[in-house]
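A short worksheet on the structure shown next.
A short reminder: the numbers here are calculations on the coordinates, not readings from a lab. What you see is a predicted model; the values in this text were computed from it and never measured. No Cβ is skipped: glycine too gets one built from the backbone with ideal geometry, and neighbour counts run over all protein chains shown.
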Amino acid sequence: MTDPAPSQPPAPIPDDDPRRALTVATPDSPTLRHVAVAGGTYTILVSGAQTAGRYCLIDMHIPAGGGPPPHRHDFEEMFSLLEGELDFTFRGSVSTVKAGSTLNIPANAPHAFKNVSGAAVRMLCLCTPAGQDAFFLEVGDLVESRTAPPPKLTPEAIAERRKKTASLLAKYRTEMV
């Protein structure tokens, strides 16, 4: 038996970056951005700009019937269900997920969720690296609060929104499936 190759000593931990600040996010804060997307209202708790692009954290309020269509993207995504239950589709298999559950979606895996429970659902979504927060802000509509309903859109506005979303998918490394 031979000894494993000698390993390099670990690199030292970098110095603190004093340009970065502590972030304290309260979901109902009027200073946060609340954006209506995919039938829900998503609150950007911690943005990629605040984490040097390492991750973003989004508080999701999904009313009955809400949820995105099947899609996949080239980043990790984790959901922690705080209230309610959802039907979650992962690689074509549907599971009912209840409050207290956490799901990790590997990068590039097709997935979707839909609130079929009849009551509002609340969950946290962590994406790493960040970028999903910026995507939501580009394609969604800013609303006043974490639980505000999405605005009523005309059929023309819906068509324009879909066109805009389609044009941004590659930029945000996302694909509808």
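Tabulated results
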| item | result |
| --- | --- |
| Exposure proxy ranking, count of Cβ atoms within 10 Å, fewest first, for Phe136, Phe75 | Phe75, Phe136 |
| Rg to Rh quotient for the chain, alpha carbon positions, Kirkwood Rh | 1.05 |
| Listed residues Leu81, Leu45, Leu103, most fluctuating in the chain (Gaussian network, C-alpha, under 10 Å) | Leu103 |
| Helix 155-168 axis, angle to the chain major axis (alpha carbon atoms, nearest 10°) | 10 degrees |
| The range 120-177 - Rg over Rh from alpha carbon coordinates, Kirkwood radius | 0.98 |
| 17 Å Cα-Cα reach of Lys163 towards lysines, excluding residues that sit fewer than 8 places from it in its own chain | Lys171 |
| Globularity ratio of the range 27-120, using Cα Rg and 2.2 N^0.38 Å | 1.08 |
| Neighbour-count ranking [beta-carbon atoms within 10 angstrom, fewest first] of Arg91, Arg72, Arg19 | Arg19, Arg91, Arg72 |
| Exposure proxy ranking, count of Cβ atoms within 10 Å, fewest first, for Thr128, Thr154 | Thr154, Thr128 |
